[in-house]
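Novice: Take a look at the following structure, please.
The values are calculated or read from the model by the stated rules, or taken from the named source; none is laboratory data. Worth saying up front: this structure is predicted, and the values here are computed from it rather than measured. We place every Cβ from the backbone using ideal geometry, glycine too, and count neighbours over all the protein chains shown. The accessibility values were calculated without ligands, DNA or RNA, using every heavy atom of the protein model including side chains. Shrake-Rupley method; radii C 1.70, N 1.55, O 1.52, S 1.80 Å.
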Amino acid sequence: MSVEPRKIRLLMHLRKSGITDTRVLGAIERIPREVFVPQAFHDQAYEDMALPIGLGQTISQPLIVARMTQALEVTERHKVLEIGTGSGYQASVLAKLCRRVYTIERHKPLLDVAMQRLLDMRIHNVTAKAGDGTKGWPEQAPFERIIVTAAHGGTEPPEALVDQLAVGGLMVIPMGTERRNQKVMRYRRTEEGIEREELWPVRFVPLLPDGQQEPASKAAGSR
Ligand code: SAH
């Protein structure tokens, strides 16, 4: 099957922007992003921008998905936890790269649509639940990798997620209370403790506990 020109352009843009991991590029090439955006935005599905998916949420910008996935250093042996399923796009990219993805979304209607998309695409290694992702998924822990796709307001990552990270594991998470001041952080759990690394500035919708209303917010996962 030939690759669409607009998809090739996006892949070239990702490569020029520092995405060198060919497995990550390959996964992005294989997942049709238009499936994850509303009909009205199909024309923009391969633009490097976040797009609305309803309920005030957005599908992240492709470059952010690619960078966060590359920073996660996923292998086919890994069990990965994702917080913030949204459209299901990031989960499906991860599904191509790892053994199993567990994903949690607080908005059940978004989750239902996302999971139906994955079924239609015959992606069978993603398990999902609706709920507060800041609590993680203790029954399935430990996870070799954890990715959070909404911004955590605290100065330390959610304790439950750190607890559920395997020794040797990596967690990639946007942190920061101010939308103008968010950074993607990477935490590595070692025998001795937690190593912390600052990656790059971003703008994500907030990570909110159950029951809390989101403020009027816009682009998730854009720069
Ligand atoms: N990864 C998504 C984009 C995420 S947008 C994609 O590929 O499309 C961030 C998502 O995180 C939103 O859908 C939002 O509802 C969800 N979210 C915010 N706080 C959450 C929480 N505490 N637990 C689970 N999901 C949460």
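Novice: Kindly check whether there is at least one residue in region 106-114 that is open to solvent by less than 30 Å² (accessible area, probe 1.4 Å) and in contact with a helix residue (DSSP H, G or I) (Cβ under 6 Å, 6 or more places away or on another chain). It would help to see each step written out before you state the result.
Specialist: The initial filter retains those residues of region 106-114 that are open to solvent by less than 30 Å² (accessible area, probe 1.4 Å), namely 110-111, 114.
Restricting the remaining residues to those that are in contact with a helix residue (DSSP H, G or I) (Cβ under 6 Å, 6 or more places away or on another chain) gives none.
No; the residues of region 106-114 include none that is open to solvent by less than 30 Å² (accessible area, probe 1.4 Å) and in contact with a helix residue (DSSP H, G or I) (Cβ under 6 Å, 6 or more places away or on another chain).
Novice: Restricting to region 102-135, and then to whatever is of a type in the set (A, V, I, L, M) and within 11 Å of the ligand (Cβ to nearest atom), can you tell me which residue is farthest from A160 (Cα to Cα)? Reasoning before the result, please.
Specialist: Quick first cut of region 102-135, residues of a type in the set (A, V, I, L, M) only: 104, 110-111, 113-115, 118-119, 121, 123, 126, 128, 130.
Applying the additional criterion that residues be within 11 Å of the ligand (Cβ to nearest atom) yields 104, 110-111, 113-114, 128, 130.
Numbers: I104: 14, L110: 24, L111: 22, V113: 27, A114: 25, A128: 18, A130: 17 Å.
Per the stated criteria, the residue is V113.
Novice: Here's another thing I want to ask about it. Taking region 194-209 as the search range and keeping residues that are touching a Ser or Thr at 6+ places or on another chain (Cβ under 9 Å) and free of Cβ contacts under 8 Å to residues at least 60 places away in the same chain, which one is surrounded by the most Cβ atoms within 10 Å (Cβ to Cβ)? I'd like the intermediate steps shown before the answer.
Specialist: Restricting attention to region 194-209, the residues satisfying the condition of being touching a Ser or Thr at 6+ places or on another chain (Cβ under 9 Å) are 202-209.
Add one more test, that the residue is free of Cβ contacts under 8 Å to residues at least 60 places away in the same chain, and what stays is 203, 206.
Details: R203: 22, P206: 18.
Among them, the one singled out is R203.
Novice: Here's another thing I want to ask about it. Select from region 22-35 the residues that are without any contact (Cβ under 8 Å) to a residue 60 or more places away in the chain and open to solvent by 50 Å² or more (accessible area, probe 1.4 Å) and write down the one among them that is farthest from the ligand (Cβ to nearest atom).
Specialist: That would be T22.
Novice: Which of the numbered conditions does L10 fail, given that it passes all the others? Conditions: (1) without any contact (Cβ under 8 Å) to a residue 60 or more places away in the chain; (2) of a type outside the set (S, T, N, Q); (3) not in a helix (DSSP H, G or I).
Specialist: (3)
Novice: Picking from I64, I8, I53, which residue would you name as being open to solvent by less than 10 Å² (accessible area, probe 1.4 Å) and either at negative phi or out of contact with any Asp or Glu (no Cβ under 8 Å at 6 or more places or on another chain) (or both)?
Specialist: Numbers: I8 fails: open to solvent by less than 10 Å² (accessible area, probe 1.4 Å); I53 fails: open to solvent by less than 10 Å² (accessible area, probe 1.4 Å).
Answer to the selection: I64.
Novice: How many of the residues in region 36-62 are under 21 Å from R9 (Cβ atoms), in contact with a helix residue (DSSP H, G or I) (Cβ under 7 Å, 6 or more places away or on another chain) and within 13 Å of the ligand (Cβ to nearest atom)?
Specialist: 6
Novice: Counting only residues that are in contact (Cβ under 8 Å) with a residue 40 or more places away in the chain and outside any helix (DSSP H, G or I), which one in region 92-117 is nearest to the chain's Cα centre (by Cα)?
Specialist: Taking the candidates together, the pick is Y102.
Novice: Could you grab me the full set of residues in region 73-91 that are outside any strand (DSSP E or B) and surrounded by 24 or more Cβ atoms within 10 Å (Cβ to Cβ)?
Specialist: Our first condition is that a residue be outside any strand (DSSP E or B); within region 73-91, this holds for 73-78, 84-91.
Scanning region 73-91 gives V74, G84, T85, G86, S87, G88, Y89, Q90, A91.
Novice: Are any residues in region 154-183 among the hydrophobic types (A, V, I, L, M, F, W, C), closer than 25 Å to A66 by Cβ and within 13 Å of the ligand (Cβ to nearest atom), and if so, which ones?
Specialist: Hits for region 154-183 are L161, V172, I173.
Novice: Ok, one more. Applying the selection to region 182-205, what residues are within 19 Å of the chain's Cα centre (by Cα) and not in a strand (DSSP E or B)?
Specialist: Result: F204, V205.
Novice: Which one is most open to solvent (accessible area, probe 1.4 Å) among residues in region 142-153 that are more than 13 Å from M68 (Cβ to Cβ) and assigned to a strand (DSSP E or B)?
Specialist: Here is the first cut: in region 142-153, the residues more than 13 Å from M68 (Cβ to Cβ) are 142-144, 152-153.
Now restrict to residues that are assigned to a strand (DSSP E or B): 143-144, 152.
On the way: F143: 0, E144: 56, H152: 33 Å².
Among residues in region 142-153 that are more than 13 Å from M68 (Cβ to Cβ) and assigned to a strand (DSSP E or B), the one most open to solvent (accessible area, probe 1.4 Å) is E144.
Novice: Oh, and also: Check whether at least one residue in region 121-138 is surrounded by fewer than 20 Cβ atoms within 10 Å (Cβ to Cβ) and assigned to a helix (DSSP H, G or I), and report yes or no.
Specialist: The answer is yes; a qualifying residue exists.
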